[in-house]
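Engineer: Quick one: the structure is below, questions incoming.
The values are calculated or read from the model by the stated rules, or taken from the named source; none is laboratory data. Quick caveat: nothing in here was measured; it's all calculated off a predicted structure. Reconstructed Cβ throughout: ideal geometry from the backbone, glycine too, with neighbour counts over all protein chains shown. Heavy atoms of the whole protein, side chains included, go into the accessibility calculation; ligands, DNA and RNA do not. Shrake-Rupley method; radii C 1.70, N 1.55, O 1.52, S 1.80 Å.
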Amino acid sequence: MDLRRLNFGIEIETVKRTRERVAQAIQSVVGGQVRHIGSPGSFDPWEVTDNHGRVWKVVSDGSLINVPVHLRAEVVSPVLSYEDIPVLQEVVRALRACGAKVDDRCGIHVHVDATAFDGRTLGNLAKIVYKQEALILTALGVNETRRRSYSKPVSDDLIAQIERRRPRTRDQLNHIWYGYHNRQPQHYDSTRYHGVNLHNVWYRGTVEFRWFEGTLHAGKVKAYVQLVLAVAAKALNGRAASSRKRSFDPQSARYDFRVFLLHLGLIGDEFKTARKHLIAALPGDSAFKRGRVKPNEQSAPKVEPLSEAGPETRPPAFSGGETGGTQGGAS
């Protein structure tokens, strides 16, 4: 599965501008008509039906408690393809231009179409994230409140259950996720508040990634979308995935995460900006695992820089890819 073939949707939370004004900003990019739906009143939705007949929604969000209700605006995109990313970026720029802002309560959720996933590949997805989660959360700057309440890490118990039971079907994974066979998932199920929300697979048909802090930087939004599409594609393409958790090493964090991104397929000029944004917050050096050799350390052993040629030429210091080996954790 090529990451470019996966459809996605996105939710972007903003403050400081009314839902009507935000809807008008979206219309300035996608064309079409703006109308006030108003029902249900708790969300007070506005809709923009674009020139392709797709509906963009702007709704109220009860978690944005730092501003009055009329200045809470969450943008909910229609189903988008990879080719729509430039349009999404223009929408983000239009939101910023109209005066919309983000604060520390705002977040971004990215949904990936779950149609191609079965129990095994959803298990792969959980294990890939579990292994690299310390790096992912640090790289994305996920604040402590979000980690505790809205974007909880993959649980040790979930991974243990997946490793022991090795689900093949969605129904089998459903039982693992909920602890029972949940045939009628409800929107506000308590299991939804995880960074990787598999509840949405059965409720809405998507895998939801809830990691992201709010931003109206178009380049970062594109990077976030490319990251989750790459993780999803990696899970779909792998026979199995290792769940051996990687410890976080500040000295090599930037290098380690860059290697992870390359193994996800985010290689070359197309993803250069994504790599730049995704590793920017991490300590260390992206090309050298233990840092660059300083002038007064010339006698130290030579350290080879990281190659971008792809997984086949990964540096010897790298401990293993995300796929391969047995499902029991070997790599």
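Engineer: Please specify each residue of region 1-38 satisfying the condition of being outside any strand (DSSP E or B), open to solvent by 80 Å² or more (accessible area, probe 1.4 Å) and of a type outside the set (D, E, K, R).
Structural biologist: The one that is outside any strand (DSSP E or B), open to solvent by 80 Å² or more (accessible area, probe 1.4 Å) and of a type outside the set (D, E, K, R): Ser28.
Engineer: Under 9 Å between Cβ atoms, at least 6 apart or on separate chains: pull out the pairs that start in region 174-202 with a residue that is charged (D, E, K, R) and end on any residue that is assigned to a helix (DSSP H, G or I).
Structural biologist: Going by the 9 Å Cβ cut-off, the qualifying pairs are Arg183/Asn174; Arg183/Trp202; Asp189/Tyr178; Asp189/His199; Asp189/Tyr203; Arg192/His199; Arg192/Asn200; Arg192/Tyr203.
Engineer: Can you tell me which residues in region 1-34 are on the phi > 0 side of the Ramachandran plot and of a type in the set (Lys, Arg)?
Structural biologist: Lys16
Engineer: When you scan region 139-165, how many residues do you find that are among the polar types (S, T, N, Q), touching a residue at least 60 places away in the same chain (Cβ under 8 Å) and either under 22 Å from Gly205 (Cβ atoms) or not in a loop (DSSP other than H, G, I, E, B) (or both)? Please lay out each step first, then the result.
Structural biologist: Here is the first cut: in region 139-165, the residues among the polar types (S, T, N, Q) are 143, 145, 149, 151, 155, 161.
When the remaining residues are screened for being touching a residue at least 60 places away in the same chain (Cβ under 8 Å), the result is 143, 151.
After this cut, where a residue has to be either under 22 Å from Gly205 (Cβ atoms) or not in a loop (DSSP other than H, G, I, E, B) (or both) as well, the list is 151.
Adding up the residues that qualify gives 1.
Engineer: Would you be able to say whether some residue in region 212-222 is surrounded by 23 or more Cβ atoms within 10 Å (Cβ to Cβ), within 19 Å of Leu278 (Cα to Cα) and either in contact with a Phe, Trp or Tyr (Cβ under 7 Å, 6 or more places away or on another chain) or at pLDDT 95 or above (or both)?
Structural biologist: Looking only at region 212-222, we keep the residues that are surrounded by 23 or more Cβ atoms within 10 Å (Cβ to Cβ), and these are 212, 221.
Now narrow it down to the ones that are within 19 Å of Leu278 (Cα to Cα): 212, 221.
Okay, now just the ones that are also either in contact with a Phe, Trp or Tyr (Cβ under 7 Å, 6 or more places away or on another chain) or at pLDDT 95 or above (or both), so 212, 221.
Looking for residues that are surrounded by 23 or more Cβ atoms within 10 Å (Cβ to Cβ), within 19 Å of Leu278 (Cα to Cα) and either in contact with a Phe, Trp or Tyr (Cβ under 7 Å, 6 or more places away or on another chain) or at pLDDT 95 or above (or both), one finds at least one in region 212-222, hence yes.
Engineer: Follow-up question, since we're still on this one. Would you point out the residue of region 166-188, among those that are open to solvent by less than 30 Å² (accessible area, probe 1.4 Å) and assigned to a loop (DSSP other than H, G, I, E, B), that is nearest to Leu227 (Cα to Cα)?
Structural biologist: Of everything passing the filter in region 166-188, Pro167 is nearest to Leu227 (Cα to Cα).
Engineer: So, one more: Restrict the check to region 80-89 and report whether at least one residue is out of contact with any Leu (no Cβ under 9 Å at 6 or more places or on another chain), in contact (Cβ under 8 Å) with a residue 12 or more places away in the chain and of a type outside the set (Asp, Glu).
Structural biologist: Yes.
Engineer: Under 6 Å by Cβ, and 6 or more places apart or on different chains, what pairs join a residue from region 243-269 that is closer than 21 Å to Ala232 by Cβ with one that is crowded, with 19+ Cβ neighbours inside 10 Å and among the aromatic types (Phe, Trp, Tyr)?
Structural biologist: Correct list of pairs: Ser243/Tyr130.
Engineer: Any idea how many residues of region 259-275 are open to solvent by less than 30 Å² (accessible area, probe 1.4 Å), under 19 Å from Lys220 (Cβ atoms) and not in a loop (DSSP other than H, G, I, E, B)? Lay out the reasoning, then the answer.
Structural biologist: So in region 259-275, the residues open to solvent by less than 30 Å² (accessible area, probe 1.4 Å) come out as 259-264, 266, 268, 271, 274-275.
Now narrow it down to the ones that are under 19 Å from Lys220 (Cβ atoms): 260-261, 264, 266, 271, 274-275.
With the extra rule that they be not in a loop (DSSP other than H, G, I, E, B), the set shrinks to 260-261, 271, 274-275.
Residues flagged as open to solvent by less than 30 Å² (accessible area, probe 1.4 Å), under 19 Å from Lys220 (Cβ atoms) and not in a loop (DSSP other than H, G, I, E, B) within region 259-275 amount to 5.
Engineer: Quick one: is Ser60 touching a helix residue (DSSP H, G or I) at 6+ places or on another chain (Cβ under 8 Å), closer than 18 Å to Arg93 by Cβ and at pLDDT 95 or above?
Structural biologist: Values: touching a helix residue (DSSP H, G or I) at 6+ places or on another chain (Cβ under 8 Å): yes; closer than 18 Å to Arg93 by Cβ: no; at pLDDT 95 or above: yes.
So Ser60 does not fit the description; no.
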